[in-house]
Every structure is written in structure tokens, then in C-alpha cells.
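Chemist: Below is the structure I would like to discuss, written out as C-alpha cells.
What follows is calculated from the coordinates using simple rules that are stated; it is not laboratory data. All values derive from a computational prediction rather than experimental measurement. Cβ atoms come from the backbone with ideal geometry, glycine included; neighbour counts cover every protein chain shown.
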Amino acid sequence: MAYSTDLRKRVLDFIETGGKKVSEAARRFSLNRSTIYRWLRAEDPTARQKTGPKKMICLDEVALKKHVADFPDLTQNERASHFGVSVSSIGYGLRKLGISEKKYSDIKSGVMRNVKSTVRRSPRNTPQAKR
């Protein structure tokens, strides 16, 4: 719920000029204390944040392909932090380029293994040969 600019100003004036406590302001104006603390921490407490979808960050496919060629051992988490995007964006980008995603890396030994291939199946889950 977005609170009006007028209410925000009245609450902040009540605390700052009146020397009142946040808990007292919360009771008087029927607000949650965390809301008032958030307004106090904000750079511009009277500005409302825009709700809704955020601007989509496009991943440069050429840069991703070059990064994969230069650093083939990096995980998706490391690539995501390098490009400043989410891990799912890296996954989508790699799939679009036709590059399979890296599952697991044992950094100490330098051996790459696929997690799916190291999982042991129980005898009940293995397909039986036709008789």
C-alpha cells in the first residue's frame, strides 16, 4: 500500500521536530514501525517507488560467447556476477548460443564432472532388461 506524501511528511515532522519516538508515531498514525524506519533511512522519504516490472537487462550474446571461450571453467553464478545479471539470464543466454551448462566443478583437483552422471541409482529405479 502506498502512503500519501502528506502523511509521510506529517509522520517525519512529528518525529523530527517534536522529538517523539518512532513507536509513538506508529501508534498515533496507525503505521508499522518498520515502515517509518524505512522512511527515515530513505534518501528521499517523500518519493514513492514505482511498482511493477523492472527494466529488463539485456545480455550481450557476443560478449557472453567470448567470455565462455576465454573462461570455460566458470560456473553460471560466476558468470552472472561478472555480467551483473541473474543466473537464469546466463542459463537462457547459454541455451540460446547452444552451449551446455556447467553442472559441477571440483576446483581443487581441476576435474569437471557432471552431477547427473555421478548420481547412483538404486536397483529399484534402474530399468530392467527385457526377457
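Chemist: So if each residue of separation counts as 0.36 nm, and I subtract the Cα-Cα distance between THR17 and ASP44, what length gain in nm does that give? Could the numbers behind the result be given before it?
Modeler: Details: separation 27, 0.36 × 27 = 9.72 nm, distance 1.76 nm.
Separation in residues times 0.36 nm, less the Cα-Cα distance, equals 8.0 nm.
Chemist: What ranking, highest mean first, results for peptides 62-72, 5-15 when packing means the other Cβ atoms within 10 Å averaged over each residue? Please list the in-between numbers first.
Modeler: Details: 62-72: 12.7, 5-15: 15.4.
Top to bottom by mean Cβ count within 10 Å: 5-15, 62-72.
Chemist: For the pair VAL87 and ASN32, what calculated FRET efficiency results from E = 1/(1 + (r/R0)^6), where r is the Cβ-Cβ distance and R0 = 35 Å, to the nearest 0.05?
Modeler: Working: r = 33 Å, r/R0 = 0.94.
Computed FRET efficiency for ASN32 and VAL87 comes out at 0.60.
Chemist: Label-point separation (nm) for ASP60 and GLU78, each offset 7 Å from Cα along Cα-to-Cβ?
Modeler: 2.1 nm
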